[in-house]
Amino acid sequence: MMRTPSGHKVYAIAAEYGSATELYEAAKRVRDAGFKRWDVFSPFPIHGMDEAMGLGKSWLSAVVLIGGITGLLTAVLVEFGPSWGLYPVIVHGKPFNWQTVPAFFPIMFELTVLFAAFSAFFAWQIMNGLPRWHHPLFNWDRFSRVTNDGFFLAIEARDPRFSETETHDLLVVTGGMHITIVHEED
Amino acid sequence: MSERSQVMPAPEGEYFEPARFSGLSLLLAGGAVVGLILCLFGALKDQPQFSFSWLFAFIYFFTLCCGCLFWTIVHHATDAEWSVVVRRQLENIALLLFALFLFAMPILILRHHLFEWMNIPPGKDAVLDSKRQYLNWSFFVFRAFLYFILLGGVAFLLRRFSVAQDRDGNPRCTVWMRKIAFAGLPIFGLALSFAAFDWLMGLNFRWYSTMWGPYIFAGAAGSSMSLLVLVTTALRKAGYLRVVTLEHYHIMGKWMLAFSVFWAYIGFSQYMLYWYANIPEETQYFLVRNTESWWPLSMLLVIGRFFGPFAILLLQGIKKRPNQLCIVAGWILFMQALDMYIIVLPSLHGTGVHLSVWDFLLIGKTSTFPVRDPRLVESLRLRN
């Protein structure tokens, strides 16, 4: 376990970049160096950054698809179950066999959307490690610029390729400024 | 707010060389002439059938052109970036509204076969008399001309400034096009809706639908995006539009998906309220189209225009493979034709499908134009 001189655990080595373009180029080099546990931070989305980081396709869409299908099947169950078998009631003179399906489409649609949206929201929270109260990067005072005009890259200490000196040198080569070691809370 | 970090050089302008494709143009022009001659025979042989077939073909291409105009307008109104490379194709197709103006003339000539209300003298039908303020011949003609002047005017101006900017790169043109686009938004919405009221809903003056404008618009926007995919791919196969990447295809595929859903949403909203309320003067539209031999076609439309494309286009991979996306795009265009067919033709054949050879001849004839026209693939300057 690496520790800072003051005895804190090391969370990451981070660097600041002058522009989105510099950050984009730096991300490509960090990706090519084979790092897995790292991230970039910018005030706004940067087109093509997922590719530059080598992220690949997110598995969020699969979760959403499963959520949507679950919602659709739920609606089918709670609508056709009672009206077809458990407790058939004639409403508006409409039949209660399968031909009454137009009346059920809105509910099927709504539950599909609802379940898909909920699964998207919660899966996205989990993927981002949220919710959490604090993040070690906020221990670095320069990092507060990230919501304004700062572009940052942080390579985490838990990455197997992490080394206090070589990772530092890599960030120097990619043009990072204010390179620093960010420590954990305890 | 976002930023593209990849610095791209502005590509050189490229120009479509008509000479390279003179054979194809000649072939299509020849097909058009043959089609026109056959149409003339059709007109002499069976005028009512010919009238409806002509209206069907006309409406089909009218919706495609209007859809392309819509995408051009939206491009400018939202200051979109992605569509710059394909915008010229949209502008070209939208400009074909002027050609369609000529093709609208037979409808005005053959009006008595198409629009029942024109044959009923005042005082005979109370429902019609209450609508005479709107449904009368002079106002009908005035509106028809107005639609073409307004829609064609917007299409013409947008293309004119766009081409002018190719020459001198004047950024003022972008501002002008944005202003025209904002003026064009209400013009487009009203003109397309009322054109749909006049030419399609007017086929049965007793029937009405408040969803009619959005319904026609939804089909037009989705199918014209499909047409754009086909035109873009054809030009790429011929060696042009190399600036169009798989990312552009991905976005066009997303729009096809979005408007498949939107079409279904609007279509079902119209259907379900009629189904629930069950009022005879409203349900007559679906009574004809959902019974006898029209029923399989209606079912094919529901499945083929929504469920099929929706399931297929959900996959990201399809949207990034131009060849597969083209198959879906062609299918959606076919479904749009079926949609218009189901709207127009049942007014003639109350019960039972009569597949008339004239219907398909007309498609063959008019389709030459959207294919032939994208001749000016000019500057594809990527702006900011």
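The values are calculated or read from the model by the stated rules, or taken from the named source; none is laboratory data. For clarity, every value in this text was computed on a predicted model and none was experimentally measured. Neighbour counts run over all protein chains shown; Cβ positions are idealised from the backbone, glycine included. Remember, those area values only see protein heavy atoms, side chains included, never the ligands or the DNA or RNA. Shrake-Rupley method; radii C 1.70, N 1.55, O 1.52, S 1.80 Å.
Placing a pseudo-label 7 Å from each Cα along the Cα-to-Cβ vector at B:Asn290 and A:Leu60 gives an inter-label distance of 3.9 nm. Under a 5 Å amide H cut-off, with hydrogens placed 1.01 Å from N, B:Glu292 pairs with nothing among residues at least 5 apart or on other chains. Mean per-residue shielding of peptide A:20-31 is 2, counting Cβ atoms of other chains within 10 Å of each Cβ. Evaluating 6.51 cos²θ - 1.76 cosθ + 1.60 at θ = phi - 60° for every residue in the range A:59-73, the Karplus couplings come out as 8, 4, 4, 5, 4, 5, 4, 4, x, x, 5, 4, x, 4, 5 Hz, glycine and proline recorded as x.
Here's how it looks for A:Glu184: its modeled amide H is under 5 Å from those of A:Lys9, A:Val10, A:Tyr11, which are all 5 or more places away or on a different chain.
Can you give the FRET efficiency to the nearest 0.05 for A:Asn148 and B:Asn323, using r as the Cβ-Cβ distance and R₀ = 45 Å? So, using R0 = 45 Å, E works out to roughly 0.50. If a spin label sat at a point 7 angstrom from the Cα of B:Leu273 along the line to its beta carbon, the backbone N atoms of the range B:203-225 nearer than 13 Å would be those of B:208-215.
A cut-off of 5 Å between modelled amide H atoms, ignoring neighbours fewer than 5 places along the same chain, links A:Trp38 with A:Glu156.
In sequence order, the range B:78-84 has phi-based couplings of 9, 6, 5, 9, 5, 8, 4 Hz under the Karplus curve 6.51 cos²θ - 1.76 cosθ + 1.60, θ = phi - 60°, and Gly or Pro positions carry x.
Restricting the chymotrypsin sites (Phe, Trp or Tyr not before Pro) of the range A:123-155 to loop positions (DSSP other than H, G, I, E, B) with no more than 16 neighbouring Cβ atoms within 10 Å leaves A:Trp133. Using protein heavy atoms only (no ligands, DNA or RNA), what is the total accessible area buried between B and A, 1.4 Å probe, nearest 100 Å²? When B and A are taken together, about 1600 Å² of accessible area is lost. Taking the Cα centre of the range A:49-186 as reference, the dipole from Cβ charges on Lys and Arg (+1) and Asp and Glu (-1) amounts to some 760 debye.
In this calculation the C-beta distance from A:Glu164 to B:Val175 is compared with R0 = 56 Å, giving a FRET efficiency of 0.55.
Of the peptides B:278-289, B:75-86, B:131-142, the ranking by mean beta-carbon count within 10 Å, highest at the top, reads B:75-86, B:278-289, B:131-142. Taking every alpha-carbon pair within the range A:60-127, the share separated by more than 19 Å comes to 41 percent. The listed peptides B:66-74, A:86-94, ordered by packing as a protection proxy, come out as B:66-74, A:86-94 (highest mean of other Cβ atoms within 10 Å first). Note on B:Lys254: lysines with a C-alpha under 21 Å away, same-chain residues under 8 apart excluded, are A:Lys57, B:Lys319, B:Lys320. Neighbouring Cβ atoms from other chains, within 10 Å of the Cβ of residues in A:45-53, number 3 on average. Among A:Thr147, A:Thr167, the order of accessible area from largest down is A:Thr147, A:Thr167, computed with a 1.4 Å probe on protein heavy atoms.
Other protein chain C-beta atoms within 10 Å of residue C-beta, averaged over A:89-99: 1. Working ranking of peptides B:260-273, A:61-74 by packing, defined as the average number of other Cβ atoms within 10 Å per residue, highest first, is B:260-273, A:61-74.
To the nearest ten degrees, helix A:101-127 and the longest principal axis of the Cα atoms of chain A are 20 degrees apart. Expressed as an acute angle from 0 to 90° and rounded to the nearest 10, what is the orientation of the C-alpha long axis of helix A:20-32 relative to the principal long axis of chain A? Helix A:20-32 and the main axis of chain A meet at about 90 degrees.
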